[in-house]
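**Q** Here's a structure for you.
The values are calculated or read from the model by the stated rules, or taken from the named source; none is laboratory data. Remember, it's a predicted structure, so these values are computed and weren't measured experimentally. We place every Cβ from the backbone using ideal geometry, glycine too, and count neighbours over all the protein chains shown. In case anyone asks, the SASA skips ligands and DNA or RNA and just uses the protein heavy atoms, side chains included. Shrake-Rupley method; radii C 1.70, N 1.55, O 1.52, S 1.80 Å.
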Amino acid sequence: ICGPTLFGSYYAEVCSHIAENLRIPVLWRRFISEQQRTDLFAASACVVYPSIHREPFGMVAVEAMTHGTPVLVPAYGGVSDAIEANGACGGLRFEVWDSGDLADKLAMLLRDRTLWCRLSDDGPRVAQYFSVEKLADRVLGHMGLKGQ
């Protein structure tokens with residue numbers, strides 16, 4: 001588990017207790033370097049973004065898809081929309097607060113090699129659609145300022 005949280009150290013403590021009770025070893029790092037983040041995305045079979053909040057955008061999902069790493073995101077908020085663009089899809093959605101659905105989707109992704117390859121292949125195209133340059137072009141176009 002990497003990155004900061006809005007809930008401070010309390011969230012880390014709760015996650016540690018849950019992992020300990022489940023006897024699951026978890027590596028927790030509040031901050032990691034950009035190189036470590038890149039290496040983690042590239043080496044991971046998938047990235048799970050289990051937010052329970054209505055995230056306005058899914059930057060973590062987009063960054064993972066840049067590396068061809070499929071993502072699992074909640075079917076809730078903007079992060080849900082950040083896994084598809086122009087007919088390409090780089091991840092799966094699970095129902096928020098439904099750990100069974102999350103587990104099922106994770107198992108499907110890890111067992112179905114054809115599905116994993118399709119999402120991995122599509123991920124960089126989805127990520128490119130959400131690149132800073134492409135987003136800026138769309139915003140400027142929407143404002144009638146593109147090409148000026």
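**Q** Report yes if residue 2 is in contact (Cβ under 8 Å) with a residue 40 or more places away in the chain, out of contact with any His (no Cβ under 6 Å at 6 or more places or on another chain), closer than 21 Å to residue 74 by Cα and surrounded by 12 or more Cβ atoms within 10 Å (Cβ to Cβ), otherwise no.
**A** Judged against the criteria, residue 2 is not a match.
**Q** What are the pairs, 6+ residues apart or on separate chains, where a residue within the range 36-49 that is closer than 22 Å to residue 96 by Cβ and without any contact (Cβ under 8 Å) to a residue 60 or more places away in the chain has its Cβ under 8 Å from a residue that is in a helix (DSSP H, G or I) and open to solvent by 50 Å² or more (accessible area, probe 1.4 Å)?
**A** Partner pairs satisfying both residue conditions: 47/60; 48/106; 49/60.
**Q** Can you tell me how many residues within the range 86-100 are surrounded by 17 or more Cβ atoms within 10 Å (Cβ to Cβ), closer than 17 Å to residue 50 by Cα and out of contact with any Lys or Arg (no Cβ under 6 Å at 6 or more places or on another chain)? Outline the logic, then answer.
**A** Within the range 86-100, the first condition is being surrounded by 17 or more Cβ atoms within 10 Å (Cβ to Cβ), and the residues that meet it are 88-94, 96.
Those left that are additionally closer than 17 Å to residue 50 by Cα: 90-94, 96.
Remaining after also requiring out of contact with any Lys or Arg (no Cβ under 6 Å at 6 or more places or on another chain): 90-91, 93, 96.
Looking only at that region, the number is 4.
**Q** Any residue in the range 89-103 that is part of a loop (DSSP other than H, G, I, E, B) sitting within a Cβ distance under 7 Å of a residue that is aromatic (Phe, Trp, Tyr)? List the pairs, counting only those 6 or more apart or interchain.
**A** 96/76
**Q** Can you confirm whether residue 80 is under 24 Å from residue 128 (Cβ atoms), among the small types (Gly, Ala, Ser) and either open to solvent by 70 Å² or more (accessible area, probe 1.4 Å) or without any contact (Cβ under 8 Å) to a residue 60 or more places away in the chain (or both)?
**A** It is true that residue 80 is under 24 Å from residue 128 (Cβ atoms), among the small types (Gly, Ala, Ser) and either open to solvent by 70 Å² or more (accessible area, probe 1.4 Å) or without any contact (Cβ under 8 Å) to a residue 60 or more places away in the chain (or both).
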